[in-house]
Amino acid sequence: MLYLIGLGLGDAKDITVKGLEVVRRCSRVYLEGYTSVLTVGKEALEEFYERKLIVADREAVEQEADNILKDADISDVAFLVVGDPFGATTHSDLVLRAAKLGIPYRVIHNASIMNAVGCCGLQLYNFGETVSIVFWTDTWRPESFFDKVKKNRENGMHTLCLLDIKVKEQSLENLIKGRKIYEPPRYMSVNQAAQQLLEIVQNQRIRGEEPAITEETLCVGLARVGAEDQKIAAGTLQQMCTVDLGEPLHSLIITGGSLHPLEVEMLSLFSIPENSSESQSIDGV
């Protein structure tokens, strides 16, 4: 059996009892290590799970999936995913590969950022399509995702923005030369995402377009959702450029414009002071 097991969002203890029981009896246990991270490292997980973990990077999952599935028809293999197993399409591909090989599979779900964002008080059924914001480079500055933000705003829906993670990435030079040298991990902050969004807004104005959001659009920044030091900040997009939410992982919500009174009341718990001109640290409850 192939088991896809969600780990939740905080630390080693967020795994479900059912998931932990499976992990402890599997012959091999893989830890998917590139779509998200917990607030603790591999060693802490191994200590709590009482099992050695094999870190599976993007290359291993997408190009060497057969190694993960090897002997899964005659033994139990676990594939651990931060959040919920189906928070990334890569894991659907693993299930399809298993099915083609006649390997049975089972999913043990857990909390993911897709539902945990409700902690800020915005109601989940008021969210539209989720988007991803990637790190820009000197030569690649995509804006296409902004069309989905515009569509959500037109429908009065909030937009959850998942922010880029760069783990085990190679520089262009090392990639060309075939050198297995990797760049340090990078995690996009709410500040960086907000700055890129504001640049898109300016670009649209220069092109004579009416941007779907402005500097004054109400947004919500979230950091380390599910952890004890979780932080939430509600304020304008401009304020999101300087608010201090600390360590990763971060997410950003662009509100839909029209808020339910309960949403307004909840967001007031996390409001950034209006007179804050410098970086502010916001403590979530």
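So here's what we get for this one:
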{"read-out": "Using θ = phi - 60° and Karplus 6.51 cos²θ - 1.76 cosθ + 1.60, couplings along region 158-167 (whole Hz; Gly, Pro as x)", "value": "6, 10, 7, 9, 8, 9, 4, 10, 10, 10"}
{"read-out": "HIS260 accessible area, assembled protein chains, probe 1.4 Å, Å²", "value": "80 Å²"}
{"read-out": "Scattering profile of the chain at q = 0.13 Å⁻¹ [log10 I(q)/I(0), Debye over alpha-carbon scatterers]", "value": "-0.95"}
{"read-out": "Ellipticity estimate at 222 nm from DSSP helix runs (n ≥ 4, -39,500 (n - 2.57)) divided over the chain, nearest 500", "value": "-7500 deg cm²/dmol"}
{"read-out": "Region 2-111 - share of DSSP beta bridges that are antiparallel (%, nearest 5)", "value": "5 percent"}
{"read-out": "For region 1-139, convex hull volume per residue from C-alpha positions, Å³", "value": "145 Å³"}
{"read-out": "Fraction of accessible area attributable to carbon and sulfur, region 2-111 (%, probe 1.4 Å)", "value": "50 percent"}
{"read-out": "Exposure of ARG186 as accessible area (Å², to 10), given a probe of 1.4 Å and all protein chains", "value": "120 Å²"}
{"read-out": "Overall Cα dimensions of region 114-269, principal axis frame, Å, largest first", "value": "57, 45, 26"}
{"read-out": "Distance between modelled label sites at ASP164 and ILE206, nm, 7 Å Cα→Cβ extension", "value": "1.8 nm"}
{"read-out": "Length-normalised contact order of region 124-272 in % [C-alpha pairs under 8 Å, at least 6 apart]", "value": "25 percent"}
{"read-out": "The chain - accessible surface per residue (Å², probe 1.4 Å)", "value": "51 Å²"}
{"read-out": "Fraction of antiparallel bridges per DSSP, the chain only, in percent to nearest 5", "value": "45 percent"}
{"read-out": "Computed over the chain: relative contact order in percent, which uses C-alpha pairs under 8 Å that are six or more apart", "value": "18 percent"}
{"read-out": "Carbon and sulfur %, accessible surface of region 227-279 computed with the full protein complex present, 1.4 Å", "value": "50 percent"}
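The values are calculated or read from the model by the stated rules, or taken from the named source; none is laboratory data. No experiment lies behind these values; they were computed from the predicted model shown. Cβ coordinates were reconstructed from backbone atoms using ideal geometry, including for glycine residues, and neighbour counts include every protein chain displayed. Accessible surface is based on the protein model in full, side chains and every heavy atom, while ligands, DNA and RNA are left aside. Shrake-Rupley method; radii C 1.70, N 1.55, O 1.52, S 1.80 Å.
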